[in-house]
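Novice: For reference, the structure I am asking about is given below.
Taken together, the values in this text are just the output of simple stated rules run on the coordinates, not laboratory data. This is a predicted model, so every value here is computed, not measured. Cβ coordinates were reconstructed from backbone atoms using ideal geometry, including for glycine residues, and neighbour counts include every protein chain displayed.
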Amino acid sequence: MNHDEVLSLYERRFRREPAPEMPGAVVERAGAVVRQSGPAPCWNGVLWSDLDERTADAAIAEQIRHYAELGTEFEWKLYDHDRPADLDRRLLAAGFTAEPPETLMVAETARIAALPAAGPEGVQLVPVTGMDGVELVADVHERVFGASRVRIRERLAVQLAEGSVVAVLAMAGDVPVSAARMDLHSGTEFASLWGGGTDPEWRGRGIYRALVAYRAREALARGYRYLQVDASAESRPILTRLGFAALATTTPYTYG
């Protein structure tokens, strides 16, 4: 895998020329900024920008105005190669809050799909096909990540209805101990992995690896060449061992 070529392809597909992520979302280029706007549970924020020291502050102020008119919080997804070099400091000065940085990691789907997909003894991987499964995914995310149960439930329900997601639960008997999902980006070469949070007492037993391999096989069957992850500091070492490559660092800056 040529890292520079894959990063360039990712930038074009997801930042410069992205498709709206779900019905009701609008992607538009406003000057030197590409942004997405839409009603909940849509993600709102800046995907890409082409700024310099002269234009950055005005562009930041314009995005704040735009989303304030919509009455919604938003995120500026900043990558370590974005310019100007002090764009991070300018965002902070404008009132944004920096979230923990993540690592953009990519692997060839076929390589990851060849990994063993079995979880530990007593744990079964179960696909999510309806609202009962959606509720269990929301339960795991709320428990493990402290994430909004309502937002996850709404988003996953929409994606399941339109066929743009694969979701899976790791079940220890009747108890969900981990959950993960994979967004299917139609018209691109990429499927993206999300979640994978596991109850603390079940960590270190291979569940995360099994969930990654399970989703890779599903992506391969659907013809996706690459898997993409915005990896946390905890996930990056595991994904590196599995064969994912780090292509960039991205930091979410939130406003509102």
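Novice: Which is the longest part of the chain that has none of the trypsin sites (Lys or Arg not before Pro) sitting in a DSSP loop with at most 15 other Cβ atoms within 10 Å?
Specialist: That gives 55-202 as the longest site-free run.
Novice: Excluding H3 itself, what net charge comes from residues whose Cβ is under 13 Å from its Cβ, given Lys and Arg +1 and Asp and Glu -1? Present the calculation step by step, with values, prior to reporting the outcome.
Specialist: Details: positive: none; negative: D4, E5, E11, E108.
Counting the neighbours of H3, the net charge comes to -4.
Novice: Loop only per DSSP, at most 14 neighbouring Cβ atoms within 10 Å: give me the GluC sites (Glu not before Pro) in region 64-145, ordered by residue number. Show your work: numbers first, answer last.
Specialist: Numbers: sites: E69, E73, E75, E102, E108, E121, E135, E142; in loops: E73, E121.
Answer by residue number: E73, E121.
Novice: Right, here's the next one. Only four residue types carry charge here, +1 at the Cβ of Lys and Arg and -1 at the Cβ of Asp and Glu. Report the dipole size of region 129-171 about the Cα centre in Debye, rounded to the nearest 20.
Specialist: The calculation lands at about 140 debye.
Novice: Roughly how many debye, to the nearest 20, is the charge dipole of the chain about its Cα centre, given +1 on each Lys and Arg Cβ, -1 on each Asp and Glu Cβ, and no other charges? Intermediate values should be presented prior to the final figure.
Specialist: Details: 28 positive and 36 negative charges, 98 e Å.
The calculated dipole for the chain is roughly 460 debye.
Novice: In region 188-249, which GluC sites (Glu not before Pro) are in a loop and have at most 12 other Cβ atoms within 10 Å, using DSSP for the loop call?
Specialist: E234
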